[in-house]
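The structure appears below as structure tokens.
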Amino acid sequence: MIRIVLVWLCLALPVAAQEMAQPSGSISTEQSVGSDAAIDRRIEAIIAELDGYDDVAVEVREGIVTFSGEVLDGEAIPRLDELAARVDGVVAIENRVVESTDVSQRLDPVVDRFAARLDQFVAYLPLLAVAVLAGLLVMATGILLARWEAPWRRLAPNAFIADIYRMVVRLVFVLAGVVVALDILNATAVLTGLLGAAGIVGLAVGFAVRDTVENFIASVMLSLRQPFRPNDFVDIEGSLGQVVRLTSRATVLLDPDGNHVRLPNAVVFKAKIVNYTRNAERRFGFVLGLDPAADLAEAKRIGLDTLRSLDFVLPDPPPQVWVKEAGDSTINVEFFGWLDQTQTSFMAARGEALRVVMSALEQADIALPEPTFRTRLVGAGWGAAQATGDAPAPEAEPEAPPAIPPEPEEVAADDTITRMVDAERREVREDDLLSPSAPEE
């Protein structure tokens, strides 16, 4: 059904167009040969002034205009009907003009058009040269201004931001040069199309390199608000290490084992960052499981006195000891102390404090038992041995030697990783976005 309707519409449209082109109004009862000749002369004179109707003939009889011949452009055929319908005295129009298929006739106008356009282009060359020179002058001014590093280095917090400033200035002057050239040529309308196409292309490219753009923006933000400095000991989502440098792509760490860790700046910007170096004072702690029968108050006092006696433990904030929880076979007690990271190695100090406190508790006969389990043995052999007294008597434990008071060892700061970081920063010439003058978060 739909196909039938479409076919009917296709057949009806030409008929409707022909009817619309026909003259309307009443037909006079008087018609002379002079009237037909006048109509003929008038229409021939009109089409003689129009291009493309050289091979069209006009014949008028009884007010009926008949067109015959060929034209090169098919769109010129309906215009004959419109023209004849506007001439007084025309009763009807018969349009027998067809589109020419002669190759030579169709190529001649094309050659003429190319020749005319070539002549127009040659005449346009001086203005085009002026427009190009003006645009290039504006662009060259921007490029020279962007190459001047001194002002941008002073305005920007670091070299990376300075390069962004220079890139923006260069891009602005290039666009300004294009606008000036198009304005001289009176072709600013072309700029709208170019900007629209550039916007679509930019959107597509933005989706394609979304991760790269995100990493670039994160690099800019990290360089402006720096959460760490070189040699800071940080924890970035589980990655521990001292900061080597911040580049335009990644943050480089040197972990405690001397391995390089490169983290994309997009990950660093969104991650939780723990900076252990920002505050020189740092708390260490450890847990000891004590005998449930031990005097916990005495154990706490001994622990506090022992921690206070260590040279690397700061008096303020003071050390602390408290009972954490009751385990399966021990009472867990936590011991805490504060130290200066710039003077003491954190891990070495924690281990030394653990050793000294354990020795002090054992010297005071406060046991640190291991987890124990009770086993019940049920059987005739074991019961008979108990009844007859054949079970072996337990051996007497040897007396323990007298306890020796613990002697704390000297704990100094370990600067091995720091020296490795400093050496690499001196040797590697890669740009570093970390600047002492930038604000810290």
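In table form, for the structure just shown:
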read-out	value
Hull volume in cubic angstrom per residue (convex hull over the Cα atoms of the range 108-190)	105
Solvent-accessible area of L288 with every protein chain in place, 1.4 Å probe, in Å² to the nearest 10	10
Förster radius 60 Å - calculated FRET efficiency between R249 and D311, Cβ distance, rounded to 0.05	0.85
Per-pair calculated FRET efficiency, R0 = 45 Å: V201 and D73 via Cβ, rounded to 0.05	0.80
Residues of type lysines that K300 reaches as a straight line, Cα spacing below 29 Å, ignoring anything fewer than 8 places off in the same chain	K324
Sparsely packed trypsin sites (Lys or Arg not before Pro) within the range 259-292, loop by DSSP, other Cβ within 10 Å at most 13	K272
Stretch gain in nm, segment Q320-R153, where the contour uses 0.36 nm per residue and the Cα spacing is subtracted	55.1 nm
Residues in the range 328-360 that a label on E298 would reach, taking backbone N under 17 Å of a point 7 Å out along Cα→Cβ	331, 358-360
Per-residue SASA entry for D415, accessible area with 1.4 Å probe, Å² rounded to 10	80
Inter-label distance, nm, simple model (7 Å from Cα along the C-beta direction), R41/E362	13.7
Within the range 111-145, backbone nitrogen closer than 12 Å to the virtual label 7 Å beyond the Cα of V190 toward Cβ	128-129, 131-132
Computed label-point distance, nm, for sites M420 and S239 using a 7 Å Cα→Cβ extension	1.6
FRET E, pair S100, D211, Förster distance 60 Å, beta-carbon r, rounded to 0.05	0.50
Label-point separation in nm, Y276 to L118, each point 7 Å along Cα→Cβ	8.0
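The values are calculated or read from the model by the stated rules, or taken from the named source; none is laboratory data. Keep in mind it's a predicted model, so treat the numbers as computed, not measured. For neighbour counting, all protein chains shown are included, and Cβ atoms are generated from backbone atoms with ideal geometry for every residue, glycine included. Surface areas here come from the heavy atoms of the whole protein model, side chains and all, with no ligands, DNA or RNA. Shrake-Rupley method; radii C 1.70, N 1.55, O 1.52, S 1.80 Å.
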